[in-house]
1. Where both residues lie in region 2-131, what percent of DSSP beta bridges are antiparallel, nearest 5?
2. If you take every residue apart from LEU157 with its C-beta less than 12 Å away from the C-beta of LEU157, what net charge results, scoring Lys and Arg +1 and Asp and Glu -1?
3. Can you find, among ALA160, LEU201, GLN249, the residue farthest towards the positive end of the dipole of region 153-264? Put +1 on the C-beta of Lys and Arg, -1 on that of Asp and Glu.
4. Work out the FRET efficiency for HIS43 and LEU169 from their Cβ-Cβ distance, taking R0 = 35 Å, and round it to the nearest 0.05.
5. Which residues' amide hydrogens lie under 5 Å from the amide hydrogen of VAL218, considering only partners 5 or more residues apart or on another chain, with H built in the peptide plane?
6. Which whole-Hz ³J(HN,Hα) couplings does region 121-133 yield from phi under the Karplus relation 6.51 cos²θ - 1.76 cosθ + 1.60, θ = phi - 60°, glycine and proline marked x?
7. Any idea what the dipole of region 1-77 comes to, in debye rounded to 20, about its Cα centre with Lys/Arg Cβ at +1 and Asp/Glu Cβ at -1?
8. Quick one: what do you get for the chain if you divide its Cα Rg by 2.2 N^0.38 Å?
Amino acid sequence: MTVVRKLRQDDTSAVVDRIARQLSNDASRHTLVNPNLDLTVLHDTIVHATSVTWVALDGDDIVGHLFAAVLRDHERRAAWTGPDGVSFDDPSILESLLRPAISAWRSQGAIEHLVWALDDDDRLDPWRQLGYKAISVRGVMDLEYVGDATLDTSLRLRLATPQDIDAILNLDHIIDVAQGDESTLSRKFRRQNRREIRHLLDDPDVEHYVLEREDRIVAQAVTYPSPARRGSFEHTLHLSGVAVDSQLQGGGIASAMLNEVLRRARARGVSHVEAQWRVDNVQASFFWPAYGLEPTYVRLARRLAE
């Protein structure tokens, strides 16, 4: 019989071993998952997470664990679980772990649980059977394989300035529409987004590229160093905000622009690039794998109904 209880400090080594084995297995299935991790840092992290981590036991053996941080996302609270925040020997153990965890998350005001799982049916199916649905994908590419296509001489790539904000807002709206959100041209959203863009342009770690043709901005891409996380390689660049003027889509501009952006990144020592896209964004779901990003992890979500 499976027993679920909160993590104790003397469970830490067993949980670390489970995470390390799972990450090694992930890397054996997906070569763009980094199997290396600092076991000392991981151990210290888990020791300080006993109050928000559950373990499942079969006798004296730990057969699963589950961690989530309850955070505010915009106007809602959600429980977030990373790829190393959960393990289970079979789907019934996952279900047992979720029962007390969901009750605790609800008591903290969370209305949704989001979890990252390896892009593999063996890992995804247990979540799907419990009502979780895929909402986004993380993809990775080794910069050794950047394409050869170059920008047409009529196009100029440069870093954005505050004078470009209106054009950036219009390109961001193209992304929002592709994701099913038509509301982002409202005054309220544009004021909020304008502030966020100004903040990005002031951030020394962010490079916000725009592509011009005859002094008109027709495309953009945003890059910044990916935060350190298990499963990602060092010197990885995160890529987001990629958009092309609707009238110019399908002509290879996005690929040529990204080739130039990533060649510059490779020249300064970046080894990998990653991006995330929503599964309901049909254009992105087609473009990123075609460009060369290999899906590694999928983010799933489930509403925490009463």
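Each reported figure results from applying straightforward, stated rules to the coordinates on display, with no laboratory input. Given the structure is predicted, the values throughout are model-derived calculations rather than measurements. Cβ placement follows ideal geometry from the backbone for every residue including glycine, while neighbour counts extend to all protein chains displayed.
1. Of those bridges, close to 85 percent are antiparallel.
2. Every neighbour counted, the sum reads +1.
3. So the residue we want is LEU201.
4. With a Förster radius of 35 Å, E is 0.20.
5. For VAL218, whose amide H was placed from the backbone, the distant partners under 5 Å are LEU211, GLU212, ARG213.
6. 4, 4, 8, 7, 4, x, 6, 4, 5, 9, x, 7, 10
7. Dipole about the Cα centre, nearest 20: 300 debye.
8. 1.10
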